[in-house]
Amino acid sequence: MKTRRLFAALAAAALLAVPAASAAPIAYVPNEGSGTVSLVDTASDKVVATLKFGQKPRGIAVSADGARLFLSDQTANALVVVDTVKRVEIGRVPLGDSPEAIYLSPDGKLLAAAIEENDQVVLVDVDKLAVARRLKMRGKNPEHAVFSPDGRWLYVSAEEADSVDIVEVASGQVVKSVKVGDRPRGIGFLPDGSRAYVAAENADTVNVFDVGTHTVVARIRAGARSNGVTVHPDGKRVFVTSGGEGTVQVIDTATNTIVAKVAVGRRPWNMALTPDGRKLYVACGRSNAVAVVDTESYRKVAEIPVGDLPWGVAIR
């Protein structure tokens with residue numbers, strides 16, 4: 001009997017010791033219309049929880065260890081920080097008027113928040129949960145502020161502009177502004193940091209930057225109202241949402257040409273890939289749903305109802 005009990009205890013301990021990382025990643029979806037965050041199990045493509053954080057969550061990011069979720073609350077003008085295990089709010093940081101997209105630095109020490117009404121990018125010290133610096137932009141109504149893979153640069157797009165502001169992170173200075181077309185939006189860097197892809201919504205184009213020289217080396221005609229940009233982990237493909245067409249365009253980075261187009265839903269916006277790059281999750285704002293795309297077959301394989309006006313996706 002004692003032997004059986006010991007065996008049972010050891011078996012239970014072994015089950016408890018299985019790391020959380022063995023579970024499928026969770027896709028976090030901020031729904032700005034309903035003031036909620038939907039949690040999607042990427043194995044089943046089902047919503048497993050709907051949480052209430054903030055009043056109008058928009059920008060979203062997750063720490064590398066998956067322990068903390070960051071949200072920009074446009075109504076509260078604040079960064080909301082959530083413990084993903086306990087699913088409770090653990091902190092707030094005042095940001096400024098109408099915060100939009102947020103991005104973590106490669107080392108996870110800084111978070112960049114685009115602040116529309118103040119024409120600023122705010123850098124938050126993630127450990128201290130305090131504002132480290134406020135950077136004034138040249139472009140009006142910044143929306144995305146994305147770190148280069150080496151953490152040296154921030155590329156910043158602005159809704160009421162035709163240029164991308166390039167910020168040297170160390171000095172906090174805008175060192176260059178580069179014209180890309182009216183209403184620049186999503187930004188994505190190749191994993192090696194050699195190039196950046198920037199969508200210009202009203203110009204229906206994607207601009208390709210040589211990051212070494214901060215110059216545009218190619219312009220790709222994309223779908224109507226090109227918006228969100230996400231780069232595959234292998235660096236061979238870039239995904240761009242077309243809000244006007246309800247599609248995702250796929251760019252081959254070797255040729256800088258569009259090689260596929262996938263219908264996903266109404267007003268596709270921002271998106272994210274699973275860590276293995278096999279599935280793309282697209283927030284379709286006017287569909288109140290997230291579309292799931294198989295990145296090998298370029299087929300929409302699921303549509304997941306979420307809250308009202310999903311803004312984006314972050315996955316860990």
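The values are calculated or read from the model by the stated rules, or taken from the named source; none is laboratory data. Treat the numbers as computed from the prediction; the structure is a model and nothing was measured. Quick reminder, even Gly has a Cβ in these numbers, built from the backbone with ideal geometry, and neighbours come from all protein chains shown. Protein only, heavy atoms only, side chains kept; ligands, DNA and RNA dropped before computing areas. Shrake-Rupley method; radii C 1.70, N 1.55, O 1.52, S 1.80 Å.
Worth a mention:
- With a cut-off of 11 Å between beta carbons, the residues surrounding Val301 carry a summed charge of 0, where Lys and Arg count +1 and Asp and Glu -1.
- Estimated at 0.36 nm per residue, the fully extended path between Arg152 and Arg266 surpasses their Cα-Cα distance by 37.5 nm.
- Karplus-derived HN-Hα couplings along region 237-247 (A = 6.51, B = -1.76, C = 1.60, θ = phi - 60°), whole Hz, x at Gly and Pro: 9, 10, 10, 10, 7, 10, x, x, 9, x, 10
- Summarising the amide proton neighbourhood of Thr205: residues at separation of 5 or more, or on other chains, whose placed amide H is nearer than 5 Å comprise Ala200, Ala222, Ser226.
- Three-way shape call for region 134-211 based on the alpha-carbon gyration tensor, with the a/c threshold at 1.5: oblate
- Sequence-separation-based contact order of the chain, relative, with Cα cut under 8 Å and 6+ spacing, percent: 12 percent
- What the phi angles of region 155-166 give under the Karplus curve with 6.51, -1.76 and 1.60, with θ = phi - 60°, is a coupling list of 9, 10, 9, 9, 4, 9, 7, 10, 9, 10, 8, 10 Hz, glycine and proline written as x.
- Nearest-ten-degree value, helix 2-16 long axis tilted from longest Cα axis of the chain: 10 degrees
- Built amide H within the under 5 Å cut-off of Glu159, gap 5+: Glu143
- Relative contact order (percent, whole number), region 56-145, Cα cutoff 8 Å, 6+ residue spacing: 21 percent
- Each peptide in 45-52, 217-224 was scored by the mean count of other Cβ atoms within 10 Å over its residues; highest first, the order is 217-224, 45-52.
- Residues of region 287-307 with an amide N closer than 16 Å to a point placed 7 Å from the Cα of Ser44 along the Cα-to-Cβ direction: 303-306.
- Taking the protein heavy atoms of the chain in the context of the full set of protein chains, the accessible area attributed to carbon and sulfur is 51 percent at 1.4 Å.
- Net +/- balance of residues flanking Thr253 in space, Cβ distance below 11 Å, scoring K and R +1, D and E -1: 0
- Cβ-derived FRET efficiency at R0 45 Å, Val85 paired with Arg221, nearest 0.05: 0.50
- Charged side chains reduced to their Cβ positions (Lys and Arg at +1, Asp and Glu at -1) give the chain a dipole of some 800 debye around its Cα centre.
- Derived scalar couplings ³J(HN,Hα) [region 301-308; Karplus, 6.51 cos²θ - 1.76 cosθ + 1.60; whole Hz; x for Gly, Pro]: 9, 7, 10, 10, x, 10, x, 7
- Greater than 29 Å apart at Cα, pairs in Lys236/Lys300; Lys56/Lys140; Lys52/Lys236; Lys109/Lys300: Lys52/Lys236; Lys109/Lys300
- For region 64-180, dividing the convex hull volume of the Cα atoms by the residue count gives 92 Å³ per residue.
- Amide H contacts for Thr36 (H built 1.01 Å from N in the peptide plane; partners 5 or more residues away or on another chain; cut-off under 5 Å): Asn31.
- Within-10-Å neighbourhood charge of Ser177 [Cβ basis; K, R +1; D, E -1]: +1
- By average C-beta atoms within 10 angstrom, highest first, the peptides 31-40, 131-140: 31-40, 131-140
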